[in-house]
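Asker: Take this structure, written in structure tokens, and hold onto it; I'll ask about it next.
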Amino acid sequence: MAKDPSQQGYTYEAAGVSIEAGNALVRAIGPLVKATRRPGADADLGGFGGFFDPKAAGFKDPLLVAANDGVGTKLKLAIEHDRHDSVGIDLVAMCVNDLIVQGAEPLFFLDYFATGALETGVAERVVAGIAQGCIEAGCALIGGETAEMPGMYAPGDYDLAGFCVGAVERGEQLTGERVRAGQVLLGLASSGVHSNGYSLVRRLAADKGWAMEAPAPFDDTRTLLDVLAEPTRIYVKSLLPSIRDGRIAALAHITGGGLLENIPRVLPEGVRAEIDAGSWPQPGVMAFLRQQGSIAPAEMARTFNCGIGMVLVCDEGDVAAVEAAMQDAGETVWRIGTLVEGQRGCTVRGDAGQWQAASAWTADHDA
């Protein structure tokens, strides 16, 4: 029989919070954090905040750019199927990819991990993924918060948030000011579904009874779970050189809202994006999702990335150099469209066997 804490003296641990577990986690992740060190950040964990020295990172007159994000309901996929190792990469990717579209180099990252009862092994795996994402993005993991809150979460559940700060030299930031009709749109391949649309993915999985551990219907070399858990691609190191040499006029990170809602965010009034859906191969997972849910083309184009994780805006004369730089960096790149004069928005068109849609940013619809 459990002892009545009122007879023994109340403790924080008896209320559901283990300070020792938190201390053990800090000790366990210490080497992971040290692996993310870079010029400007070299302090150990344990203080009340983290320092970063932009001058030591080589900046002379930097503008700071900040972003924060989460992983969304992809976390439920990770929790339900014990895939805790890669969601930390997703967390970093969603933040640093939002910084690079401003022309900013990610400098440092902080995470927030919240759960009802801390399971050190799970938390360490999550932080290992965060550290890996920081290494891929070239930013330092300088701190974070682990919150153990009994009663706030179901057993085994946790939530994640990430916060990242980057810098760009004054005058080199990407603001959309250089965007104009006549420029070319290049698309970089996504690694999969990335971190958006998982409420719909999970609803389909439940309703259709997907066998997650079976080979994917469109790729018998991987399980369906492997495909859906694939972490978001981080584009930072591939894009920075072309940003700094002035060959990229603007960037759009294709997240929630898909192609239709994200590309117009970098367009000025009077400029419209025209995209040819036949200019890149539609990934098997996207065709699978569309078929399983009988999802309309416009809904696909504003829910999922449809195989394009990042869109680059370039002058025609810079296209060849940018394409070569992306390929040398290991990216798969396609010329997917152009910018034309017209009402601000985005139109995605394809052959009868593909899909076409018009952006919700405008009143007209081509679908």
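The values are calculated or read from the model by the stated rules, or taken from the named source; none is laboratory data. These numbers come from a predicted model, not from an experiment. Cβ: placed from backbone, ideal geometry, glycine included. Neighbour counts: every protein chain shown. Only protein heavy atoms, including side chains, enter the accessible area calculation; ligands, DNA and RNA are left aside. Shrake-Rupley method; radii C 1.70, N 1.55, O 1.52, S 1.80 Å.
Asker: Given the criteria in contact (Cβ under 8 Å) with a residue 24 or more places away in the chain, over 30 Å from ILE135 (Cα atoms) and outside any loop (DSSP other than H, G, I, E, B), does LEU228 qualify?
Answerer: no
Asker: Are any residues in the stretch 148-179 open to solvent by 80 Å² or more (accessible area, probe 1.4 Å) and not in a loop (DSSP other than H, G, I, E, B), and if so, which ones?
Answerer: PHE163
Asker: While we're on this one: Name the one entry in GLY182, GLY129, GLY192 that is surrounded by fewer than 19 Cβ atoms within 10 Å (Cβ to Cβ), in contact with an Asp or Glu (Cβ under 8 Å, 6 or more places away or on another chain) and in contact (Cβ under 8 Å) with a residue 40 or more places away in the chain.
Answerer: On inspection, the qualifying residue turns out to be GLY182.
Asker: Which one of these is in contact with a Leu (Cβ under 8 Å, 6 or more places away or on another chain), of a type outside the set (S, T, N, Q) and modelled with pLDDT under 95: ALA181, ALA154, ALA123, ALA147?
Answerer: The conditions single out ALA123.
Asker: Sort out which residues of the stretch 159-173 are among the hydrophobic types (A, V, I, L, M, F, W, C) and more than 10 Å from LEU99 (Cα to Cα), and write them in order of number.
Answerer: Hits for the stretch 159-173 are LEU160, ALA161, PHE163.
Asker: If you don't mind, there's one more thing I want to ask. Pairs under 7 Å by beta carbon, first residue over 12 Å from TRP334 (Cβ atoms) in the stretch 276-291, partner open to solvent by less than 40 Å² (accessible area, probe 1.4 Å) and not in a helix (DSSP H, G or I), six or more apart or different chains?
Answerer: PRO283/GLY307; VAL285/GLY192; VAL285/VAL193; MET286/PHE304; MET286/CYS306; MET286/GLY307; LEU289/ILE295; LEU289/PHE304
Asker: Select from the stretch 320-333 the residues that are surrounded by fewer than 18 Cβ atoms within 10 Å (Cβ to Cβ) and in contact (Cβ under 8 Å) with a residue 24 or more places away in the chain and write down the one among them that is farthest from PRO241 (Cα to Cα).
Answerer: Ranking the qualifying residues of the stretch 320-333, first place goes to THR332.
Asker: Continuing with the same structure: Let me spell it out: the conditions are (1) under 29 Å from THR223 (Cβ atoms); (2) touching a Pro at 6+ places or on another chain (Cβ under 9 Å), and LEU64 meets all of them except one. Which number is the exception?
Answerer: It is condition (1) that LEU64 fails.
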